[in-house]
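First the structure, in the form of structure tokens, and then the observations on it.
A short reminder: the numbers here are calculations on the coordinates, not readings from a lab. Just so it is clear, the structure is predicted and the values come from calculations on it, not from any experiment. Here the Cβ positions follow ideal geometry from the backbone for every residue, glycine too, while neighbour counts run over all protein chains shown.
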Amino acid sequence: MQRGRLPRRKDRAARVLEMDRIRYFADLSIRRACGFGFLAIGTGVTALYWNIVAAINLAATGVSFMGALLLWKAFEARSRSYRRTEVFLLMDRQHEFPEERAQQVFANVLRERYMWHATVAAITAVVLWLLYFLLHAVEQAPPP
């Protein structure tokens, strides 16, 4: 392709499909990791079944920590080589982008998806923290 010319429609469509494929595998990878995190949080919450306030506190802390990790991974995405990501492995180590553009595409998609999942984790954590403070206040209230 010559400099200054727009890519043909067929090339654009192939690249959009390839970005959707990267996005799909990024979501798969991140959700798998978050699933293991929620399994750990759920196990801890189950262990505290006798004290609901402590269980909610543990859940809020765990989800907050998960959100912080996702945020850290989002900021790390640009500096990490795309060849060292799980997404690249899930794609059978093949992609349709030129080598000089692949790093930018993978990093941007991973950053976007990490940020989206971090936002969902943050919203969940806020809800859990509000529930914790409400239950803690009710628990500490003097009897009538």
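May I ask you to say which residue of D20, D27 is of a type in the set (D, E), surrounded by 14 or more Cβ atoms within 10 Å (Cβ to Cβ) and assigned to a helix (DSSP H, G or I)?
Numbers: D20 fails: surrounded by 14 or more Cβ atoms within 10 Å (Cβ to Cβ).
D27 is the lone residue from the list that is of a type in the set (D, E), surrounded by 14 or more Cβ atoms within 10 Å (Cβ to Cβ) and assigned to a helix (DSSP H, G or I).
Please specify each residue of region 76-91 satisfying the condition of being closer than 10 Å to S29 by Cβ and among the small types (G, A, S).
Those that are closer than 10 Å to S29 by Cβ and among the small types (G, A, S): none in region 76-91.
Consider only pairs whose beta carbons are under 8 Å apart and that are at least six residues apart or on different chains; among these, list those whose first residue lies in region 91-103 and is surrounded by 11 or more Cβ atoms within 10 Å (Cβ to Cβ) and whose second residue is assigned to a loop (DSSP other than H, G, I, E, B) and of a type outside the set (D, E, K, R).
Close Cβ pairs (under 8 Å, with a partner that is assigned to a loop (DSSP other than H, G, I, E, B) and of a type outside the set (D, E, K, R)) amount to A102/H95; Q103/S81.
Tell me, which residue of region 62-90 that is surrounded by fewer than 16 Cβ atoms within 10 Å (Cβ to Cβ) and among the charged types (D, E, K, R) is nearest to I123 (Cα to Cα)?
E76
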